[in-house]
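One structure, pasted below without further comment.
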Amino acid sequence: MISQTGETPDLRQPPLPVRALAGLLAAAAAIGVGSAVAAVVAPAASPLLAVGSALIDLAPTPVKTAAVRALGTDDKPVLVGSIALVVALLALVIGAVGWRHRRLALVGIGLIGLVGAVIAALQGGALAAVPSLISLVAGVALLSLITRPVARDTAATVTSPAADDGADGEPSATLRTGRRSLLVGLSAAAVLAAAGGATTVLVTRSRAAVAAARDRLGLPRPSSPAPPLPAGVQVPGDTPFTTSIADFYRVDIALTTPQVPVEGWKLRIDGMVDRPLELSYDELLALPMIERDITLTCVSNEVGGPYVGTARWLGVPFGEIIRRVGVQAGVDQVYSYSSDSGYTCSTPYRAVSDGRDAMIVVGMNGQVLPAKNGFPARMLVPGLFGFVSATKWLERLEFTTYASRTAYWTERGWATDAPILLQSRIDVPASLGTITRDKPVLAGVAWAQHRGIAAVEVQIDDGPWQQATLADDGGIDLWRQWYLRFDGPAGRHTAQVRAISKTGERQPQTRTKVFPRGATGWHQIQFTVE
Ligand SMILES: Nc1nc2c(c(=O)[nH]1)N[C@H]1C(S)=C(S)[C@@H](COP(=O)(O)O)O[C@H]1N2
Ligand SMILES: [Mo]
């Protein structure tokens, strides 16, 4: 039909909704195909995810913290969703102008793919660009098919009112060709978008299921699962709140990691008890389990040192053991024995019986306890240094008295009953490291297990002590992250940190050595602002 205004409608391009839809479908198909390839080959290289992680890396810490605060665990879906939305809007525009400015549109969709490819390559190396490049090719190919122009010579005819198909309802042959490739292109795009999306979801799901099955192999479900950590426990860019098994510090006297075979392994529980017990690994696994996030620290950790980490531990609560064996009056220590070279350890009976989450651990971060961390079983008592609580490769628990048994480290002059000392650490920037003016943030961790962290203060150069912003609190048995914005001038600076516990304890300035009950003093670093 000829419009009432007398203007000539442009019959070479479909109506706006169709054009916009075409752009959208072409982009969806492109991303779908790229994501599907990535899901099968290299999940992190998925175009949307790669751009998303680049944005996370680039975002200033306060922005990230605000995002995590506002969005909780939805921060990543929201981020990826926003990127998808931006691409969708661009695709709508590209579709809309795709017929009039075909070359521009093709370059536009190509550029989007290229941006994805470059970002993915910067993140994960040249090969990570492949899925985005596949997206690029698919996007350009589909869009060029969809917008395939009607041959030039007939274009003149179809735009002239005389050739208007309104007259006999029969479009010209060339126009049909244009429409056919439009229809073929749109259908292809729709099919590819759906297939790519479905493949991505299915592959991602089955991968996660396989990993979960392996991780859960042989591990019972906790009767009391770990309470979910608040989303804001992690300051973006700070040390990971939960330490991976690979990064978890290791301290013991074993020259080579004991490889304890689970067949024949027994945990003996005896001493001043009514009903001594011997548990095989399977019998131990059959007991009720709790799962808790707990931060463990070594007495040998120097101020600012690395011997501290947080994991999600799965184990039998000590209360369960105490009930089963019937601990007698007069017991004041649990004396534990290990299979590595005569290591023994004293733990105050009070600490395993006062209701805190003391446990016999069999799982760590959702996996069977690794050999280096004490497989088949170890102890863990929140609030106590590892050398008086966290016996690995556990073989025997003896309920007894301090008067009658002395532990390996006590014999060597170390403290017998050693609670973890209040400590704090600057992790960002690293000592002698650099912060830039566009990311002027210091961050770190503080811990006072079983008391909790109430405040962290930072002093820069000779300035006043400033309150750092605390991340969300995971609980008193966990370390707590903090950050502080520093807008000082370029050049060299020093920073030091101190913490206050929820019990009102202030971290002492006096520097002490780790021997015999742990180091005290404030962690100090030098850093540069650029
Ligand atoms: N059998 C055994 N258990 C042990 C030790 C050891 O030397 N032998 N070291 C203890 C110390 S000092 C600490 S800090 C923790 C460290 O636990 P991780 O190696 O799992 O980090 O284990 C404790 N359990
Ligand atoms: Mo330790």
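Between residue 416 and residue 505, what length comes free when the chain is fully extended (0.36 nm per residue of separation minus the Cα-Cα distance, one decimal in nm)? Let's see the in-between values first.
Values: separation 89, 0.36 × 89 = 32.04 nm, distance 2.18 nm.
So the chain would gain 29.9 nm between residue 416 and residue 505.
Right, next: Do the sum for the chain: with -39,500 (n - 2.57) for every DSSP H run of n ≥ 4, divided by all residues, what is the mean residue ellipticity at 222 nm, to the nearest 500 deg cm²/dmol?
On the way: 11 runs with 182 residues, N = 530.
Computed ellipticity for the chain at 222 nm equals -11500 deg cm²/dmol.
For residue 249, which sequence-distant residues (separation of 5 or more, or a different chain) have an amide H within less than 5 Å of its own amide H, given hydrogens modelled in the peptide plane?
Counting only residues 5 or more places away or on other chains, the set is 308.
I would also like to ask the following. Over the Cα atoms, compute the radius of gyration (one decimal) and Dmax (the largest Cα-Cα distance, rounded to a whole number) for the stretch 266-411, in Å.
14.3, 45
In vacuo Debye scattering of the chain, one point per C-alpha: log10 I(q)/I(0) at q = 0.05, 0.07 Å⁻¹?
Values, matching the q order: -0.33, -0.57.
When DSSP beta bridges are limited to those with both residues in the chain, what percentage is antiparallel, rounded to the nearest 5?
Working: 66 of 73 bridges.
In the chain, approximately 90 percent of DSSP beta bridges are antiparallel ones.
Return the loop-located GluC sites (Glu not before Pro) in the stretch 369-441 (DSSP other than H, G, I, E, B) with at most 10 other Cβ atoms within 10 Å of their own Cβ; answer none if there are none. All intermediate terms of the calculation are to be shown ahead of the outcome.
Values: sites: 395, 398, 411; in loops: 411.
Sparse-neighbourhood loop GluC sites (Glu not before Pro): 411.
May I ask you to derive the relative contact order of the chain, considering only C-alpha pairs under 8 Å and at least 6 residues apart, and to give it as an integer percent?
Numbers: 1093 pairs, mean separation 67.9, N = 530.
Across the chain, relative contact order equals 13 percent.
Using the alpha-carbon atoms, what tilt in degrees (0 to 90, nearest 10) does helix 130-146 show relative to the longest principal axis of the chain?
It is inclined by approximately 20 degrees.
Using a simple spin-label model with points 7 Å from Cα along the Cα→Cβ vector, what separation in nm is obtained for residue 127 and residue 56?
2.2
Within 10 Å of each candidate Cβ there may be at most 10 other Cβ atoms; applying that plus a DSSP loop requirement, which trypsin sites (Lys or Arg not before Pro) in the stretch 375-444 survive? Don't skip to the answer; put the middle values down first.
Values: sites: 378, 392, 396, 405, 412, 425, 437; in loops: 392, 405, 412, 437.
In loop regions of the stretch 375-444 (DSSP not H, G, I, E or B), the sparsely surrounded trypsin sites (Lys or Arg not before Pro) are 412.
Among 460, 476, 449, flag the residue with its Cα farthest along the positive direction of the charge dipole of the stretch 423-529, charges on Cβ as +1 for Lys/Arg and -1 for Asp/Glu.
449
Report the local net charge at residue 499: Lys and Arg +1, Asp and Glu -1, summed over other residues whose C-beta lies under 11 Å from its C-beta.
Values: positive: 425, 451, 480, 498, 502, 506; negative: 457, 505.
Neighbourhood net charge equals +4.
As I understand it, the dipole of the chain uses +1 on the Cβ of Lys and Arg and -1 on the Cβ of Asp and Glu, about the Cα centre. Which of 239, 499, 182 lies farthest toward its positive end?
Comparing the listed Cα positions along the dipole, 182 ranks first.
Still on this model: Subtracting the Cα-Cα distance from 0.36 nm times the residue separation, let me have the gained length for residue 101 to residue 430 in nm, one decimal.
Details: separation 329, 0.36 × 329 = 118.44 nm, distance 5.16 nm.
Going from the current span to full extension adds 113.3 nm.
Sum up the lysine pairs in the chain that clear both bars: alpha-carbon distance under 29 Å and a spacing of 8 or more or different chains.
Lysine pairs satisfying the spacing and distance rule in the chain number 10.
Given the options 137, 123, 248, identify the residue whose Cα lies farthest towards the positive end of the charge dipole of the chain (+1 on Cβ of Lys, Arg; -1 on Cβ of Asp, Glu).
Farthest towards the positive pole: 137.
Taking amide hydrogens as modeled 1.01 Å from N in the peptide plane, which residues meet the under 5 Å criterion relative to residue 384, leaving out close sequence neighbours?
Residues meeting the amide H criterion: 420.
Now for a different question. To the nearest 0.05, how large is the calculated FRET efficiency for residue 231 and residue 18 if R₀ is 41 Å and r is the Cβ-Cβ distance?
Details: r = 42 Å, r/R0 = 1.03.
According to the calculation, E is roughly 0.45.
How far, in degrees from 0 to 90, does helix 102-124 lean away from the longest principal axis of the Cα atoms of the chain, to the nearest 10?
10
Nothing charged except the Cβ atoms of Lys and Arg (+1) and of Asp and Glu (-1): what's the magnitude of the dipole of the stretch 387-530 about its Cα centre? Round to the nearest 20 debye.
Numbers: 17 positive and 15 negative charges, 67 e Å.
The calculation lands at about 320 debye.
Okay, next question. Calculate one ³J(HN,Hα) per residue across the stretch 224-231 by plugging θ = phi - 60° into the Karplus curve 6.51 cos²θ - 1.76 cosθ + 1.60, and present them in order as whole Hz with x for glycine and proline.
Karplus values, whole Hz, x for Gly and Pro: 10, x, 4, x, x, 6, x, 4.
Also: Please find the FRET efficiency linking residue 198 to residue 302, where r is the Cβ-Cβ separation and R0 is fixed at 45 Å, and quote it to the nearest 0.05.
0.25
Assign unit charges at the C-beta atoms only (+1 for Lys and Arg, -1 for Asp and Glu), then state the dipole size of the chain relative to its Cα centre in Debye, rounded to the nearest 20.
Values: 47 positive and 43 negative charges, 94 e Å.
Its charge dipole is roughly 460 debye.
We did not get these values from a lab; they are worked out from the coordinates using the rules stated. Worth saying up front: this structure is predicted, and the values here are computed from it rather than measured. Methodologically, a virtual Cβ is constructed for each residue, glycine included, from the backbone with ideal geometry; neighbour enumeration extends over all protein chains shown.
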